[in-house]
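The values are calculated or read from the model by the stated rules, or taken from the named source; none is laboratory data. Computed from a predicted model, the values in this text were never measured in an experiment. Please note: Cβ atoms are built from the backbone with ideal geometry, for glycine as well, and neighbour counts cover all protein chains shown. What goes into the accessible areas is simple: the full protein's heavy atoms, side chains included, and nothing from ligands, DNA or RNA. Shrake-Rupley method; radii C 1.70, N 1.55, O 1.52, S 1.80 Å.
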Amino acid sequence: MLRDITLGQYYRADSVLHRLDPRVKLVATFMFIISLFIVKNFIGYIIAALFLVTGIALSKVPPKFIFRGMKAIFFLLFITMLFNLFLTPGKELVSFWKITITYEGIKMAVMMAIRLVFLITGSSLMTLTTTPNNLTDGLESLLRPLKAIRVPVHEISMMMSIALRFIPILMEETDKIMKAQMARGADFESGSIIKRAKSLVPLLVPLFISAFRRANDLAMAMEARCYRGGDGRTKMKPLIYAKTDYMAYAAIVLYLVLIVVFGRILF
Amino acid sequence: MAIILDHVNYIYDEDTAMAHAALIDVCLNIPDGQFVGLIGHTGSGKSTLVQHLNGLEKPTSGCVFYDGKDINDSDYDKKSLRAKVGLVFQYPEHQLFETDCFKDVCFGPKNLGLPQKEIELRAYEALKQVGFDDEYFYQSPFDLSGGQKRRVAIAGVLAMKPEVLILDEPTAGLDPKGREDILNLISKLHQEMGITIILVSHSMDDVADYVQRIIVMNKGRVAFDGAPKEVFSHYKELEAIGLAAPQVTYVMQELKSAGFAVNTDATTLEEAKNEILKAFGKC
Amino acid sequence: MIRTENLVFEYIRRDEEGNVEGITRAVDGVNLDIKPGQFIAILGHNGSGKSTLAKHFNALLYPTEGEVFVDGMNTEDDDNLWNIRQEAGMVFQNPDNQIIGQVVEEDVGFGPENMGVPTKEIWERVEESLNTVGMLQFRKSSPNHLSGGQKQRVSIAGVIAMHPKCIIFDEPTAMLDPNGRKEVIRAARALNDVEKITIILITHYMEEVIYADKVFVMDKGHIEMSGTPREIFSQVDKLKELRLGVPQVTLLAHELKKSGLPIKDGILTKEEFVQELKRIKGI
């Protein structure tokens, strides 16, 4: 199950999308998410879908890989749809027992599902085509103005990039610890909620101890390599906008105009 | 209570881009009471293999039999299997979690649903079997040295009274003396309790002196399977798959090609010494 | 290159409430003088103080008593801190816990970035360092997909990119399999031979130190033995007393000598061993 989460994983390939400046991709993802909530009709969603499909095609990431991430959110998606389907008031279509399905309910459920799928696909596309380091660099650069009000932007971005680096390692470790305890007869799957919560103790204690040890080791390794915060630091990969980046910004603006006009104003 | 693997295949991450075969057509028969060394380098499939023996992993195809029964049958009691086939993982840090060593060793028997008195008796007995001093019983397992931690981890599995004890790289990260101590302990457990022992390692030197049989894994397949002497006679093939035979094997080979009248199937220091002394007419 | 004068390091043990339980002297009066270009090995069992000592060499720890000089700079002088850490790089034990970058080349660039090296030069240094350790073809890979030995070579490249005069290897092979161990030791030796970088290798694997110019053996925080590998390994019994092993062929030679063969002390390789037996036999 844990392996299915593609959000936050990088897919190595050489594509236009991979080469784009992370700031462009961050802005684009942000704008795309906003656009999903602006849209009021299906034409708008078609435009959003076209935008997304173009992105996927340009990224050279196999669609299978992107949609594998859906498995992890399938349950969430299902619940959201159910809620919308049954709890939206409006014109009655079918009714049985205490449940009523309305026309508005179906429309709402489908819209929510599309929104959620698009949102996850869009954000995975960004993380799949951007190395986490690149991503945090982009974030650091976009948030730099906040430094004036004493937000530790460099430290936050460093923390994020370290967290991202250690997520796969800690996941693998979780798997190993689970197996080691299962070999001693531990049972993580059955029993009441309280019993299950208790059964996590033998998993969480070794995991936390290991995480602290890793943190300690890493801090030492970073210090040994002259790390002393963001001041006086140069960048191996400084962010410089290229021509394609400006073109991408133009594309985003165009997309936003289209979506506002066709997805909200005209129809 | 033999373990039999019948044409076991295991594909890791099946149905994904990263799918690869971790075990390919593995057939093995491990009889009761044998002391087996399972050798292979990282990624050879040896760790995956042992996880099939207590049902932590399920073969993609093929069967694993314990005591004549297929352990992956839907009505097979996996929990009692894990008590019978005890598996100690590589790093004790992955299993130690309680506030003191004694409580930690109690975890296994407690999961078996035994009465409190029996649990404590077993924990005490297990800690004694691994030669753990009474004075450390109520100490936190996290304050112990690497070798002591490993003893507690082994005791934690022994307390379930397994019929088969599998140890995954029990000597990793220990210093030479610590390694020797743990290996002697395992050998002692085999002799005194008569249980089957499967020792997983990447070091031939570690196992050569102790085991009765060596199984060499390479790229998911069983490459060699036999008595240590027999396996080490393939030292050139072993070299090719990145595993070295014990240093004495090479020494004996070179002595022979240099014209000494020595028997090359000596695998332990003692045997090599006697062979060389014989060649010099000293005994 | 590195000089210590009467180095003592003590730390205070505390119980769970933070009360002082006692003081442990991890390093006890060590005097060392390591010359530029040397390949030094420091041996010792777990807990002998060797890693604590190593952390003084690049100002990760400071002496309780005595002084440490790196290239003439006192490590206690704050003004020297970053120069010392640049000149004396360090490779640690756990390959996972020292790689910061998500991509190999970004990790190698981490040190130079911290030092404020201009972008263009960082790229040159990264390329050159990865090339030195033979990892250039993996520059775009994720470290999570590399083997242990490869990860350690990336860590070495990360240190080389800072252009150090000296590299301290703190048990770099303890968590690796035999193949990985060979890779790392080969890289360390090449740095010493070709780049003339001073190497300090801390380990408990005897086979890794036979090429060192000088070996120090630590026990209970002080230096118990020092000399060339041959001098050290001719004292088999003393090494065993210090919880250390010796290479199998050295041990074999030692045993044969005890049985009456006139073999010289301190045999290190199997070639030497065969030569020596030939000499005795007169062929």
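Annotation note: of A:Ile169, A:Ile120, A:Ile156, the sole residue that is surrounded by 19 or more Cβ atoms within 10 Å (Cβ to Cβ), β-branched (Val, Ile, Thr) and in a helix (DSSP H, G or I) is A:Ile120.
Go through (1) within 30 Å of B:Ser145 (Cβ to Cβ); (2) within 20 Å of the chain's Cα centre (by Cα) for C:Ile100 and report which single condition fails. Condition not satisfied by C:Ile100: (2). Evaluation of C:Glu171 against the conditions (1) away from every other protein chain (no Cβ under 11 Å); (2) within 28 Å of C:Leu43 (Cα to Cα) shows that the sole unmet condition is (1).
Does the stretch A:175-190 contain at least one residue that is surrounded by fewer than 16 Cβ atoms within 10 Å (Cβ to Cβ), under 20 Å from A:Pro132 (Cβ atoms), free of Cβ contacts under 8 Å to residues at least 60 places away in the same chain and of a type outside the set (D, E, K, R)? If you could, list the steps in order and put the result at the bottom.
The first filter runs over the stretch A:175-190 and keeps only residues surrounded by fewer than 16 Cβ atoms within 10 Å (Cβ to Cβ), leaving A:175, A:187-190.
Those left that are additionally under 20 Å from A:Pro132 (Cβ atoms): none.
No, that holds for no residue.
When only residues in the stretch B:65-87 that are within 14 Å of another protein chain (Cβ to nearest Cβ) and open to solvent by 50 Å² or more (accessible area, probe 1.4 Å) count, which is nearest to the chain's Cα centre (by Cα)? Only one residue tops the list, namely B:Lys84. In the stretch B:119-144, the residue that is surrounded by the fewest Cβ atoms within 10 Å (Cβ to Cβ) out of those that are over 24 Å from B:Gln191 (Cα atoms), more than 14 Å from chain A (Cβ to nearest Cβ) and in contact with a Leu (Cβ under 9 Å, 6 or more places away or on another chain) is B:Phe137. Taking the stretch B:204-256 only, how many residues are open to solvent by 10 Å² or more (accessible area, probe 1.4 Å) and within 9 Å of another protein chain (Cβ to nearest Cβ)? Qualifying residue count, the stretch B:204-256: 6. Residues in the stretch C:82-106 that are within 9 Å of another protein chain (Cβ to nearest Cβ) and assigned to a helix (DSSP H, G or I) were compared, and the one that is farthest from C:Asn144 (Cα to Cα) is C:Trp82. Considering only residues of the stretch A:211-267 that are basic (Lys, Arg) and within 23 Å of C:Leu81 (Cβ to Cβ), which is modelled with the highest pLDDT? Taking the candidates together, the pick is A:Arg225. State whether one or more residues within the stretch C:124-132 are assigned to a helix (DSSP H, G or I), touching a Gly at 6+ places or on another chain (Cβ under 6 Å) and either surrounded by fewer than 24 Cβ atoms within 10 Å (Cβ to Cβ) or facing chain A (nearest Cβ under 8 Å) (or both). Yes; the residues of the stretch C:124-132 include at least one that is assigned to a helix (DSSP H, G or I), touching a Gly at 6+ places or on another chain (Cβ under 6 Å) and either surrounded by fewer than 24 Cβ atoms within 10 Å (Cβ to Cβ) or facing chain A (nearest Cβ under 8 Å) (or both).
Would you mind stating whether B:Gln90 is open to solvent by less than 30 Å² (accessible area, probe 1.4 Å), within 14 Å of the chain's Cα centre (by Cα), of a type outside the set (Gly, Ala, Ser) and within 14 Å of chain A (Cβ to nearest Cβ)?
Values: open to solvent by less than 30 Å² (accessible area, probe 1.4 Å): no; within 14 Å of the chain's Cα centre (by Cα): yes; of a type outside the set (Gly, Ala, Ser): yes; within 14 Å of chain A (Cβ to nearest Cβ): yes.
No.
Can you pull out the residues in the stretch C:52-68 that are open to solvent by 30 Å² or more (accessible area, probe 1.4 Å) and touching a strand residue (DSSP E or B) at 6+ places or on another chain (Cβ under 6 Å)? Selection gives C:Thr52, C:Thr64, C:Glu65, C:Gly66, C:Glu67. So which of A:Phe78, A:Phe74, A:Phe118, A:Phe83 ends up being within 16 Å of the chain's Cα centre (by Cα) and more than 16 Å from A:Ile33 (Cβ to Cβ)? Just one listed residue meets the conditions, A:Phe74. Scan the stretch C:105-121 and give yes if some residue there is within 22 Å of A:Glu172 (Cβ to Cβ) and either open to solvent by less than 10 Å² (accessible area, probe 1.4 Å) or under 24 Å from the mean Cα position of the chain (by Cα) (or both), otherwise no. Yes, the conditions are met somewhere in the stretch C:105-121.
Does C:Asp33 meet the test of being more than 13 Å from every other protein chain (Cβ to nearest Cβ) and within 22 Å of C:Asn114 (Cα to Cα)?
On the way: more than 13 Å from every other protein chain (Cβ to nearest Cβ): yes; within 22 Å of C:Asn114 (Cα to Cα): no.
No, not satisfied.
Take A:Ala197 and tell me if it is free of Cβ contacts under 8 Å to residues at least 40 places away in the same chain, touching a helix residue (DSSP H, G or I) at 6+ places or on another chain (Cβ under 9 Å), in a helix (DSSP H, G or I) and among the small types (Gly, Ala, Ser). In short, no. Kindly establish whether A:Leu52 is open to solvent by 60 Å² or more (accessible area, probe 1.4 Å), in contact (Cβ under 8 Å) with a residue 24 or more places away in the chain, of a type outside the set (Phe, Trp, Tyr) and within 22 Å of A:Leu258 (Cα to Cα). For A:Leu52, the condition - open to solvent by 60 Å² or more (accessible area, probe 1.4 Å), in contact (Cβ under 8 Å) with a residue 24 or more places away in the chain, of a type outside the set (Phe, Trp, Tyr) and within 22 Å of A:Leu258 (Cα to Cα) - is not met.
Of the set (1) closer than 18 Å to C:Asp96 by Cα; (2) under 18 Å from the mean Cα position of the chain (by Cα); (3) away from chain B (no Cβ under 12 Å), all apply to C:Glu224 but (1).
Just to verify a result, which residue in the stretch A:167-185, among those that are at the interface with another protein chain (Cβ under 7 Å from one of its Cβ atoms) and of a type outside the set (Gly, Ala, Ser), is nearest to B:Ala83 (Cα to Cα)? Applying the filter and picking the extreme gives A:Arg184.
Summed over the stretch A:58-104, residues that are touching a Lys or Arg at 6+ places or on another chain (Cβ under 9 Å) and of a type in the set (Gly, Ala, Ser) total 1.
Taking the criterion of being at pLDDT 85 or above, surrounded by 13 or more Cβ atoms within 10 Å (Cβ to Cβ) and either assigned by TED's automatic domain parsing to the domain that holds A:Ser123 or not charged (D, E, K, R) (or both), would at least one residue in the stretch A:65-78 satisfy it? Among the residues of the stretch A:65-78, not one is at pLDDT 85 or above, surrounded by 13 or more Cβ atoms within 10 Å (Cβ to Cβ) and either assigned by TED's automatic domain parsing to the domain that holds A:Ser123 or not charged (D, E, K, R) (or both), which makes the answer no.
On inspection, A:Phe86 does not qualify as on the phi < 0 side of the Ramachandran plot, touching a helix residue (DSSP H, G or I) at 6+ places or on another chain (Cβ under 6 Å), assigned by TED's automatic domain parsing to the domain that holds A:Pro22 and aromatic (Phe, Trp, Tyr).
Tallying residues that are without any contact (Cβ under 8 Å) to a residue 24 or more places away in the chain, open to solvent by 50 Å² or more (accessible area, probe 1.4 Å) and more than 21 Å from C:Glu121 (Cα to Cα) within the stretch A:221-250 yields 5. Before we move on, is C:Arg189 more than 11 Å from every other protein chain (Cβ to nearest Cβ), farther than 23 Å from C:Glu113 by Cβ and under 13 Å from the mean Cα position of the chain (by Cα)? Yes, satisfied. Among the candidates A:Ala113, A:Ala148, A:Ala109, the residue that is more than 14 Å from chain C (Cβ to nearest Cβ), part of a helix (DSSP H, G or I), crowded, with 20+ Cβ neighbours inside 10 Å and not basic (Lys, Arg) is uniquely A:Ala109. Take the residues of the stretch A:191-220 that are among the β-branched types (Val, Ile, Thr) and open to solvent by 50 Å² or more (accessible area, probe 1.4 Å): which is farthest from the other protein chains (Cβ to nearest Cβ)? Ranking the qualifying residues of the stretch A:191-220, first place goes to A:Ile193. Figure legend. Inter-residue proximity from the stretch C:198-221: first residues within 14 Å of chain B (Cβ to nearest Cβ), second residues aromatic (Phe, Trp, Tyr) and assigned to a strand (DSSP E or B), beta-carbon distance below 8 Å, spacing 6+ or different chains. Indicated pairs: C:Ile202/C:Phe169; C:Thr203/C:Phe169.
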